[in-house]
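Here is the structure we will look at, set down as structure tokens.
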Amino acid sequence: MAKHKYTGIMGWIEDRLPIFSLLDNAVGTGYHTPKNLNYWWNFGSLAGFALVIQIITGIILAMYYNPSAAGAFESIEHIMRDVNYGWLMRYVHSNGGSLFFLVVFIHVFRGLYYGSFKAPRELLWMLGLVILLLMMMTAFTGYVLPWGQMSFWAATVITEFFSAIPGVGTDVVEWLRGSFAVDNATLNRFYSFHYLFPFLIVGIVIVHIWALHVHGSGNPKGINVKKGTSDTIPFHPFYTVKDLFGMGVFIVIFAVLVFYYPNLMSHPDNYIPANPGVTPPHIVPEWYFLPFYAILRAVTWEHLIPNAKLWGVIAMAGSIMILFVIPWIDKSKVRSMTFRPLSRIFFWIMVADVFLLGVVGAMPVDGIWIYLGQFGTAYYFLHFTVILYLLGKYEKTRPLPKSISEPVIRSEPVIQ
Amino acid sequence: MDFLKKNVDKIVALLTVMVLALFALRIALFLTFSPAGEGTFRYWMYDVLGIEAAAGEERPALPPNQVAWPFDGPLGQYDMASVRRGLQVYRESCSACHGLNQIAFRNLTEIGYSEGAAKEIAAEYTVTDGPDAYGDMFERAGRLTDYFPSPFANQNAAMAANSGAAPPDLSLITKARGDGPNYVYSILTGYGDAPDGFEFNSDVTNYNPYFPTWEILMMAPLFEDMVEYQDGTEANVEQMAADVTNFLMWTAEPNLDDRHKMGFKVTAYMVVLTILLFFSMRVIWRRVKK
Ligand code: HEM
């Protein structure tokens, strides 16, 4: 029989299905982790935790939810009022979605700051982006399910944008909606997708973590570490306890939101049943879509270029697509911004730009907001193309330490 | 050609700066030359100063008055006596025009009525039931499992009876408007005489600056002493407005009391657990050398 440290029943199982060594190598003593990971490295496990919460609460909600235009709103109110702890399940699920995005956005910006997307972790990064895209589709379809005014009109406005595709636009819109307008058929298919996508996310997360384990976690210094040296420590117990602490903080924030401000993240109009005859004065998506919504609406030169709407759609898709190729745009060998003083400044400008786009996304396409949105969009794309490229090529980086334990030795600056 | 090849990075950088400068210039031009109005800098400042201005409305509603509600804050709970008085106001005034379709008579036991009392209230309403064995609909007295009947048969009937605006169902109104409880209270107490020169768009001249457009098709629904409270509370307009708002908050969020109580337990428990985890982490990490 194979050699391993497990005895008794565990040994018997391990001989037939080496699940314990798999777990141990994934999140146990067998996973060698850099010893200097800071709290920004907590957000990966937090995202996993949030995903599990969404799936559990979602499955429970699905037992009572009625996916029909006539019954959806009623069934949500039934859950809120008559189902035991239904209000808790629903508020956890709706606020959990928001926090999931918050956590994943931080996780992504962590990757941008510490250069986690660089070789040899490009595929890991790209898998993460696929997860992000799937999350967006999940959230969008989920937001339609309560069938309130914002649900209905968000679905109408967003599907309508696809009519800009030349030639087949109208067909695509009808295909997405399953009908000529957003109605019962749309709700049914969105529900089907909303149930499906999270499990696709689970699948990709597994591959994401698989890819993570090939080269191990990066670290705030962005240098390569060797397994088993003084630079690494076993994941368990050091990072298990740190991740648990992070989850504790996360749950406290989550609880305050769910129990005291459960409707903070949602729009009041969604407590009005969907009414195709009444357009709300101001249709806005959920907060985590606002920067993308701003980019979608930034192209307003209908009189200058044909099909301005289509370019808006392309720009919005491009805002994520561009992130897939940044490992090849930013060619700097130095990963961490700690050693890239100039990039660090531009990183924070980019963060400010995303916030600006978020504010613009919440405003009507009118007056100053048009021009702020266009500036923000232009800057976003220039950052991830030209600016990253030039920084990677010309920036004078600070000297890298040889290892995590070693202090920085005064030496020649690392220049590419 | 050679020059281009050698300096391509510089040219790209220059172009980038120029593109950004163009977009920035467009913002500057707008700020300098546009008239004050929707979307301009001045308007934006107005917005930042806390005056909510909905898009495209000539007369954006005034921000609602801020009232200290008993259900506010982490430890807030409903004042059930007030909620019951609010039910009375709803039944004697609002129910003439507004439905309450999420609330069943059985729910009234949650605000302090005995089952018998709730049954009595239900029996005061007639509801349509059926079809009976002959296929006919019939009317009968309400029961605990019935919901508050709507005052109008349908949307069109509601509109026809109210100068063209259907009174919305009130079950969820305090969650379906921004700053809901304060908004409802402000609407109910915000009627007044229109200032000189104020132009109404419709024949129904109800001036109310807390409603967008400042004119509302609902006539002032509350008058001093229009209800007689059983507990002797003075029935002035503010009191009735506060009571009915408390009631409508309860109809929108009947589990708020439980939610706040459970939230306190969960949060306190998690704070303690997290502190313990923090110190466990410190102890475990002591073994790691910097
Ligand atoms: C469902 C959502 C996600 C889950 C559950 C998840 C989970 C994780 C976990 C557990 C880790 C290891 C811990 C850590 O380094 O923080 C990780 C690492 C990573 N994730 Fe994700 N992730 C998600 C989404 C994303 C997204 C959207 C991206 C990027 C676009 C991304 C990019 C990365 C990268 C680059 C790493 C390696 C970081 C490093 O160690 O240097 N992840 N992920």
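Read the figures in this text as sums done on the coordinates, not as results from a lab. Values in this document were obtained by computation on a predicted structure and should not be read as measured data. Please note: Cβ atoms are built from the backbone with ideal geometry, for glycine as well, and neighbour counts cover all protein chains shown.
The overall shape of segment A:239-284 is prolate: from the C-alpha gyration tensor, with semi-axes ordered a ≥ b ≥ c, the ratio a/c is 1.5 or greater and a/b exceeds b/c. Using the Cβ of A:TYR389 as centre and a radius below 12 Å, the other residues enclosed give a net charge of -1, where K and R count +1 and D and E count -1.
Ordering B:ARG286, B:ARG26, A:ARG90 by the number of other Cβ atoms within 10 Å of each residue's own Cβ, fewest first, gives B:ARG286, B:ARG26, A:ARG90. For segment A:155-299, averaging the sequence separation of C-alpha pairs within contact (under 8 Å, six or more residues apart) and dividing by the residue count gives a relative contact order of 8 percent. Kindly identify segment A:326-407 as rounded, prolate or oblate by the Cα gyration tensor criterion: order the square roots of the eigenvalues as a ≥ b ≥ c, call it rounded if a/c is under 1.5, otherwise compare a/b with b/c, prolate if a/b is larger, else oblate. The shape class here is prolate. When the Gaussian network model of chain A links Cα atoms closer than 10 Å, the mean-square fluctuations of A:LEU17, A:LEU296, A:LEU132 top out at A:LEU17.
For the peptide A:103-115, the mean number of other protein chain Cβ atoms found within 10 angstrom of a residue's Cβ is 0. Taking a quarter of the surface of the Cα convex hull of segment A:35-279 gives a mean projected area of 15.2 nm². Coupling constants for segment B:264-275 follow from the phi torsions by the Karplus curve (6.51 cos²θ - 1.76 cosθ + 1.60, θ = phi - 60°), and in residue order they are 4, 5, 4, 5, 4, 4, 5, 5, 4, 4, 5, 5 Hz; glycine and proline get x. Quick check: convex hull of the Cα atoms in the protein assembly as shown, volume per residue, rounded to a whole Å³? Taking the convex hull of the Cα positions in the protein assembly as shown, it is 244 Å³ per residue. Once you have a ≥ b ≥ c as the square roots of the Cα gyration tensor eigenvalues for chain A, tell me rounded if a/c is under 1.5, and otherwise prolate or oblate according to whether a/b is larger than b/c. Note, shape of chain A comes out oblate. Given a cut-off of 28 Å, name the pairs among A:LYS333/B:LYS290; B:LYS265/B:LYS290; A:LYS242/A:LYS396; A:LYS5/A:LYS402; A:LYS226/A:LYS333; A:LYS393/B:LYS290 whose C-alpha atoms lie farther apart than that in the structure shown. Flagged as over cut-off: B:LYS265/B:LYS290; A:LYS242/A:LYS396; A:LYS5/A:LYS402; A:LYS393/B:LYS290.
Reducing segment B:63-133 and segment A:171-244 to their Cα centroids gives an inter-centroid distance of 46 Å. Annotation: amide H of A:GLY148 within the under-5 Å range of A:ALA274, sequence separation 5 or more or interchain, hydrogens built in the peptide plane.
In this structure the amide hydrogen of A:ILE233, modeled in the peptide plane, comes within under 5 Å of the amide hydrogens of A:THR33, A:LYS35, none closer than 5 places in sequence on its chain.
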